[in-house]
Amino acid sequence: MTDTSPLSGLRLRLRLEEPLAPRTTWRIGGAARLFAEVEDVNALAGLLRWAADEGLPAIPLGKGSNVLVPDEGLEAVVFVMVGELAAVTIEAPLVRAGGGASLMSLAVTARNAGLTGTENLSGIPSSVGGAVRINAGAYGTEIFDLLEEVTVVSRAGEVRVVATGAISHGYRWSALCDGDDVVAAATLRLRVAGREEIDARLAEVREKRKKALPAGPNAGSVFKNPPGDHAGRLLEACGLKGLRVGGAEVSGRHANVIVNVGGATAADVRELMARMREAVRDGFGIDLVPEVEDLGRFVTNRGGSPSVESPR
């Protein structure tokens, strides 16, 4: 039995056995044992402390764009940040965004304030928190290029503000990937520009992504680019476009994208990724590193259902 009474009074909502497939861009995966919508830093700290006390992993889902949720579901507390934790505010030239804010809402709010810098990131279907964690980037811009500071919450519920310079980072990686802290908010420094300039860049990025990526459910690039090369080029050279396992298929438009063409399972995606890695390893001697995070390690034997009463 799981006692949620310590969460009473916090600004969050809990649900039991929440289906996660509709919340991921792949439309794949089972249910979360507990699902939470968290509205402020105090609630986030309380939820993380409670989960640690209960021995449950606490997993931020963000926009569900860079994860593979197992078919069996997750024996965990899965949460998204809403309310204050998804807001974007301006104190030009600084922009503060909650970890749950989308990169598109960040870019649009900045545009409305006449601030530029986030346009290249606008098409990435990620939350700000998820983008900071992996140092997401596109078209020559990484989010760490713009960051001033990050507000993080530890699994013990400790809230602290960390200067960007104190966080090691690189291509599709930051030190936050190697720890358990959750990004609750980020402050970015942008620059003033004309609306026409910003709108033109937003439109250019939108058109580039539309041409590059397939329309079906997908998680974007599944492998990181190896040094000096592109994973998509290597995969295409191996003739993998159109390769299919179950309902998962290597896109005919972009060989580093797997599309759910109908009824794909996490097992299908894992098998297809394994075949893609093997082909590139055999053909080029390069071991591709997944960019997608597989949450399969959080699957355990469910001995019974917890008793849950939403605190709100």
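The values are calculated or read from the model by the stated rules, or taken from the named source; none is laboratory data. Since this is a predicted model, take the numbers as computed values, not measurements. All Cβ positions, even for glycine, are placed from backbone atoms using ideal geometry, and neighbour counts span all protein chains on display.
How many residues does region 52-68 contain that are more than 21 Å from E293 (Cα to Cα) and in contact with a Lys or Arg (Cβ under 9 Å, 6 or more places away or on another chain)? Even if it seems obvious, please write down each step before you answer.
Quick first cut of region 52-68, residues more than 21 Å from E293 (Cα to Cα) only: 52-55.
Filter once more, keeping what is in contact with a Lys or Arg (Cβ under 9 Å, 6 or more places away or on another chain): 52.
Number satisfying all stated conditions: 1.
Inspect region 79-92 for any residue being part of a helix (DSSP H, G or I), aromatic (F, W, Y), over 19 Å from D199 (Cα atoms) and modelled with pLDDT of 95 or more and give the result as yes or no. Lay out the reasoning, then the answer.
If we filter region 79-92 for residues that are part of a helix (DSSP H, G or I), which is where we start, we get 83-86.
Cutting the leftovers down to aromatic (F, W, Y) gives us none.
Looking for residues that are part of a helix (DSSP H, G or I), aromatic (F, W, Y), over 19 Å from D199 (Cα atoms) and modelled with pLDDT of 95 or more, one finds none in region 79-92, hence no.
Mind checking whether some residue in region 246-261 is under 16 Å from A138 (Cβ atoms) and either β-branched (V, I, T) or in a strand (DSSP E or B) (or both)?
Step one: list which residues in region 246-261 are under 16 Å from A138 (Cβ atoms), which gives 254, 256-257.
Cutting the leftovers down to either β-branched (V, I, T) or in a strand (DSSP E or B) (or both) gives us 257.
Yes, because at least one residue in region 246-261 is under 16 Å from A138 (Cβ atoms) and either β-branched (V, I, T) or in a strand (DSSP E or B) (or both).
Report yes if some residue within region 258-268 is surrounded by fewer than 22 Cβ atoms within 10 Å (Cβ to Cβ), under 16 Å from I28 (Cβ atoms), among the charged types (D, E, K, R) and at pLDDT 95 or above; otherwise report no. Explain how you work it out, then say what you get.
Filtering region 258-268 down to residues surrounded by fewer than 22 Cβ atoms within 10 Å (Cβ to Cβ) leaves 261-263, 265, 267-268.
From what is left, the residues that are under 16 Å from I28 (Cβ atoms) are 261-263, 265, 267-268.
Keeping just the survivors that are among the charged types (D, E, K, R) gives 268.
Those still in the list that are at pLDDT 95 or above too: 268.
Yes, the conditions are met somewhere in region 258-268.
If you go through region 219-228 one residue at a time, do you hit one that is among the charged types (D, E, K, R) and within 21 Å of the chain's Cα centre (by Cα)? Don't jump to the end; show me each part of the working.
Going residue by residue through region 219-228, those that are among the charged types (D, E, K, R) are 224.
Now narrow it down to the ones that are within 21 Å of the chain's Cα centre (by Cα): 224.
Yes, that holds for at least one residue.
Among the residues of region 83-137, what is the count of those that are over 20 Å from R206 (Cβ atoms), out of contact with any Phe, Trp or Tyr (no Cβ under 8 Å at 6 or more places or on another chain) and polar (S, T, N, Q)?
Number of matching residues: 1.
For the condition within 22 Å of the chain's Cα centre (by Cα) and modelled with pLDDT of 95 or more, what is the one hit in V299, V250? Break it down into steps so the answer makes sense when it comes.
Working: V299 fails: modelled with pLDDT of 95 or more.
Step by step, each of V299, V250 is checked, and only V250 is within 22 Å of the chain's Cα centre (by Cα) and modelled with pLDDT of 95 or more.
What number of residues within region 78-87 satisfy the criterion of being of a type outside the set (G, A, S) and either buried (at least 21 other Cβ atoms within 10 Å of the Cβ) or more than 19 Å from the chain's Cα centre (by Cα) (or both)?
Let us first name the residues in region 78-87 that are of a type outside the set (G, A, S), namely 78-82, 84-85.
Narrowing further to those that are either buried (at least 21 other Cβ atoms within 10 Å of the Cβ) or more than 19 Å from the chain's Cα centre (by Cα) (or both): 78-79, 81, 85.
Here the count works out to 4.
Considering (1) farther than 17 Å from A156 by Cα; (2) at pLDDT below 95, say which one P6 fails and leave the rest.
So the condition that P6 fails would be (1).
Would you be able to say whether some residue in region 189-203 is within 19 Å of the chain's Cα centre (by Cα) and on the phi < 0 side of the Ramachandran plot? Talk me through it step by step, then tell me what you get.
Residues of region 189-203 that are within 19 Å of the chain's Cα centre (by Cα), as a first pass: none.
So far as region 189-203 goes, no, none of its residues is within 19 Å of the chain's Cα centre (by Cα) and on the phi < 0 side of the Ramachandran plot.
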